[in-house]
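First comes the structure, then the notes that go with it.
The values are calculated or read from the model by the stated rules, or taken from the named source; none is laboratory data. Since we're looking at a predicted model, the values are computed, not measured. Reconstructed Cβ throughout: ideal geometry from the backbone, glycine too, with neighbour counts over all protein chains shown.
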Amino acid sequence: MGGLLKNEKRCESADKYILQNLLLKISDNVDCILFFIIFANDCKCMKHKGATIFDISKRLGISASTVSRALNGSKLISEQTRNKVIEEAKKIGFRPNPFAVALKTGKTKTIGMIVPLINRNYFVEAIAGVEETIYAADYDLIIASSGNFYSREKKIVESMAQGKVVGVIAAVAAETTNYDHYKILIDNGIPVVMFDRLMPLPGMSSVVQDDFQGAYNATNHLIQQGCRKIFHYRGLQNVSMWNAREKGYRQAMADAGIEISKNWVHTALTTPEEGAKYAARLILKGTLPDAILFSGDFAAKAAMEVFAANGVNIPKDIAIVGFVNEPWDKYLTPPLSSVEQFPYNIGREAGRLMLNAINGEPPQKIVYNTELIIRESSLKYNR
């Protein structure tokens, strides 16, 4: 083994990962493996520049194996020696090799996060919120996007479970109706925190925006503008947030004594392509509603562009409200009214709930208030 590590030419061509796995095959003794991995990371071929256990051993005049045992809480090491090692480690800025720690304990300090779409501002802000919380607690974060596909989400969850993550924060994919892959995580003691969207599974914490109230307030705003024939463009049936938004819309209409006709609620992907098709179909039919409540700003923006291209005036001919409050909403012509969901705060809360779950606290369910941001697109009469 010593010859292998000292042979620079062989080291230069050896990948760190391959070397570590080679060591795994050499011995079943975890302490021995841990020592060799730390030594391998310190050799020249690894170009490791940080402080090592050898620096600590030289400073204190004790063996590297004693330092390793002290840092890992071995009962073979006295309290006095352990304290000296820990103090010296802090002094020189030593940080344990995370791979070695995971090998020793069977756990990492890594949290997994799954989002449906990585290119949506909502999820970008939510990720930033999670990062702020968990990085402050010295955890790492790995992020993956399901693309709203069930098959991809399932593979991601399985990979994260095999990678020894200590928990998973997730917004479920739009395609997902079978949640067994998440149930496996929970059954194996890996906590799951849901955000933005809920799953019908017990034993997990969640933080979501109040989609019901957000849609209720948006619909009520349109009613106050004198609108009666109000359409609702919602997302796919199996996603909890879109179900909640439709319920809020229906409740507001019922409270105003307005009966909803069958074709007033349209279900489709909330993409620009589908939003444009929807607007084009309404124009071809020749009868426009007074207003439309969209469940997403991307579909709303595309519909507005089609309406404008065909001489439909917004908001005079048709008032429009979106959902999410994308950063570009205020720059549209006219500026788009939308429901703000505060994703950064939701991300921070999701991170806090995950840390609580890791520490054994019981699941919590948190609902954040939304805020209707009123702009020109929905001010039909009272301008």
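When the criteria are applied in full, residue 129 fails the requirement of being modelled with pLDDT under 95, closer than 26 Å to residue 327 by Cβ and small (Gly, Ala, Ser).
To keep it simple, each residue is scored yes or no on (1) modelled with pLDDT of 95 or more; (2) more than 26 Å from residue 368 (Cα to Cα).
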| residue | (1), (2) |
| --- | --- |
| 140 | no, no |
| 158 | no, yes |
| 166 | no, no |
| 170 | yes, no |
| 180 | no, yes |
| 194 | yes, no |
| 198 | no, no |
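Put simply, of 360, 322, 286 the only residue that is under 21 Å from residue 263 (Cα atoms), surrounded by fewer than 24 Cβ atoms within 10 Å (Cβ to Cβ) and small (Gly, Ala, Ser) is 286.
Contact map, segment 340-365: first residue within 18 Å of residue 203 (Cβ to Cβ), second residue among the basic types (Lys, Arg) and not in a helix (DSSP H, G or I), Cβ cut-off under 6 Å, separation 6 or more or different chains; the map is empty. State which residue pairs qualify: first residue within 10 Å of residue 307 (Cα to Cα) and assigned by TED's automatic domain parsing to the domain that holds residue 317 and inside segment 275-292, second residue of a type in the set (Gly, Ala, Ser) and surrounded by fewer than 16 Cβ atoms within 10 Å (Cβ to Cβ) in any location, beta carbons under 8 Å apart, and separation of 6 or more residues or different chains. Cβ pairs passing all conditions: none.
If I go through segment 289-306 residue by residue, how many of them are in contact with a helix residue (DSSP H, G or I) (Cβ under 6 Å, 6 or more places away or on another chain), surrounded by fewer than 22 Cβ atoms within 10 Å (Cβ to Cβ) and over 14 Å from residue 268 (Cβ atoms)? Selection size over segment 289-306: 1. For segment 237-257, a residue qualifies if it is assigned to a loop (DSSP other than H, G, I, E, B) and at pLDDT below 95, and the qualifying residues are 237, 238, 239.
Screening residue 151 on (1) modelled with pLDDT of 90 or more; (2) under 16 Å from the mean Cα position of the chain (by Cα) shows it passes everything except condition (2).
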